[in-house]
């Protein structure tokens, strides 16, 4: 396969072959027609999608990619909050199972919500194993987690009972501050255009828009089976 890059981290959740398509050219699109599985293709938003649609791709999401330089981070404080790499892993996994609903796989009509949830859960377990998580604490209780990798802010998961209490801005700025302590001079993240609350959050911390990407999916063959 010339243009299909296997994505085993998705295959383990969906139990079908999964690929990232590395080009939007005609040869690459034809290659997706020859194999069964689920395909992800990321393109410039200005690209004409006519040929993508003709080959069975469907629009899934627009990802916005904000960036923040170290000197531009706006730090917020809230009493009784702190973050730590010491946390109860199972509590974090429980939060991960129900904290996310804006992911592109949750909106993909070929993917059951239970499988999209499983994808996030397994991702968080991987990040835990690699020690790329902070536990977020409010009044000495675990309120959520912050996930990162190198200079990337990956995930912020808040337990339901602690949402809408003005904590997300504080927790996120604390996580960013810790990432900068690791030697990064600039941080970046990727946010669905549908997730307006998250976009506003990162803009309030000093992140600036640098790039946007349109994401298309395609399924050839049977849909993945739902987790019961």
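The values are calculated or read from the model by the stated rules, or taken from the named source; none is laboratory data. Model, not experiment: these values are computed from the prediction. Please note: Cβ atoms are built from the backbone with ideal geometry, for glycine as well, and neighbour counts cover all protein chains shown.
If you check residue 115 against the conditions, is it surrounded by 15 or more Cβ atoms within 10 Å (Cβ to Cβ) and under 30 Å from residue 160 (Cβ atoms)? Break it down into steps so the answer makes sense when it comes.
On the way: surrounded by 15 or more Cβ atoms within 10 Å (Cβ to Cβ): yes; under 30 Å from residue 160 (Cβ atoms): yes.
Yes.
With respect to residue 132, determine if the residue is under 21 Å from residue 188 (Cβ atoms) and either surrounded by fewer than 22 Cβ atoms within 10 Å (Cβ to Cβ) or in contact with a helix residue (DSSP H, G or I) (Cβ under 6 Å, 6 or more places away or on another chain) (or both). Even if it seems obvious, please write down each step before you answer.
Details: under 21 Å from residue 188 (Cβ atoms): yes; either surrounded by fewer than 22 Cβ atoms within 10 Å (Cβ to Cβ) or in contact with a helix residue (DSSP H, G or I) (Cβ under 6 Å, 6 or more places away or on another chain) (or both): yes.
In short, yes.
In this structure, is residue 177 in a helix (DSSP H, G or I), buried (at least 17 other Cβ atoms within 10 Å of the Cβ) and out of contact with any strand residue (DSSP E or B) (no Cβ under 7 Å at 6 or more places or on another chain)? Steps first, please.
Details: in a helix (DSSP H, G or I): yes; buried (at least 17 other Cβ atoms within 10 Å of the Cβ): no; out of contact with any strand residue (DSSP E or B) (no Cβ under 7 Å at 6 or more places or on another chain): yes.
In short, no.
Mind telling me which of the residues 40, 62 ends up being under 30 Å from residue 2 (Cα atoms), within 15 Å of the chain's Cα centre (by Cα) and surrounded by fewer than 19 Cβ atoms within 10 Å (Cβ to Cβ)?
Working: 40 fails: surrounded by fewer than 19 Cβ atoms within 10 Å (Cβ to Cβ).
On inspection, the qualifying residue turns out to be 62.
Which number in (1) closer than 24 Å to residue 115 by Cα; (2) out of contact with any helix residue (DSSP H, G or I) (no Cβ under 6 Å at 6 or more places or on another chain); (3) in the same structural domain as residue 121 (by TED's automatic domain parsing) marks the one condition that residue 181 misses?
(1)
Among the listed residues 120, 146, which satisfies the condition of being buried (at least 19 other Cβ atoms within 10 Å of the Cβ), farther than 30 Å from residue 16 by Cβ and either at pLDDT below 95 or under 14 Å from the mean Cα position of the chain (by Cα) (or both)? Walk me through how you get there before you give the answer.
Numbers: 120 fails: farther than 30 Å from residue 16 by Cβ.
Among 120, 146, only 146 is buried (at least 19 other Cβ atoms within 10 Å of the Cβ), farther than 30 Å from residue 16 by Cβ and either at pLDDT below 95 or under 14 Å from the mean Cα position of the chain (by Cα) (or both).
Restricting to the range 21-75, what's the tally of residues that are under 23 Å from residue 108 (Cβ atoms) and not in a helix (DSSP H, G or I)?
Residues that pass the stated criteria total 30.
In this structure, is residue 125 in a helix (DSSP H, G or I) and surrounded by fewer than 17 Cβ atoms within 10 Å (Cβ to Cβ)? Break it down into steps so the answer makes sense when it comes.
Values: in a helix (DSSP H, G or I): yes; surrounded by fewer than 17 Cβ atoms within 10 Å (Cβ to Cβ): yes.
In short, yes.
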